[in-house]
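Have a look at the structure below before the remarks.
Any read-out appearing in this document is the output of simple, stated calculations on the displayed coordinates, not a laboratory observation. Bear in mind the structure is a predicted one, so any value in this text is a computation, not a measurement. Please note: Cβ atoms are built from the backbone with ideal geometry, for glycine as well, and neighbour counts cover all protein chains shown.
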Ligand code: I3S
């Protein structure tokens, strides 16, 4: 009993390496820099970790980049990268991310799950 409250995300889709490039922050364009990120989907956020988080270290590991899905827009794009299977997420604060996986099955699995999380968190 009686522990310290820790952040435990409600995970919808866990742990996979995806290529991620943040191309805008607060409406300001940024230089594209693809990075392999350990990605976790919660009910209303995408969490991008620099390194794979073991289940036990989700609470204590390095801080992730957090993408808020409420009010975000997600769409496939063939214009913003020459890579295949790229989709884009724009947040309601003007950040834009490109997400990519070489496997279409992987990319579409994440796309579908994120779109559902966007829809349900936007309705809250
Ligand atoms: O949209 P861009 O500028 O063609 O994106 C490419 C650049 O980010 C490039 O880096 P340099 O600016 O250091 O050359 C990357 O190496 C490429 O991968 C980017 O294009 P793709 O098509 O891979 O997203």
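Using Cβ counts within 10 Å as a stand-in for footprinting exposure, how do 47, 18, 36 rank, fewest first?
Details: 47 20, 18 17, 36 12.
Placing the least packed residue first, the sequence is 36, 18, 47.
Given 0.36 nm per residue, what is the gain on full extension from residue 35 to residue 63 after removing their alpha carbon distance, in nm? If you can, show how the numbers build up before the last one.
Working: separation 28, 0.36 × 28 = 10.08 nm, distance 1.59 nm.
Here the segment from residue 35 to residue 63 would lengthen by 8.5 nm.
Using r as the Cβ-Cβ distance of residue 43 and residue 76, and R0 as 22 Å, what FRET efficiency do you calculate, to the nearest 0.05? Please list the in-between numbers first.
On the way: r = 23 Å, r/R0 = 1.03.
Result of the calculation: an efficiency of 0.45.
For a footprinting-style exposure proxy, rank 99, 23 by other Cβ within 10 Å, fewest first. Numbers along the way, then the final one.
On the way: 99 23, 23 17.
The most exposed by this proxy come first: 23, 99.
Put a dot 7 Å past each Cα toward the Cβ at residue 28 and residue 116; how far apart are the dots in nm?
3.7 nm
Rounded if a/c is under 1.5, else prolate if a/b beats b/c, else oblate: with a ≥ b ≥ c from the C-alpha gyration tensor eigenvalues square-rooted, which is region 32-124?
On the way: a/c = 1.62, a/b = 1.16, b/c = 1.40.
Oblate, because a/c is 1.5 or more while a/b does not exceed b/c.
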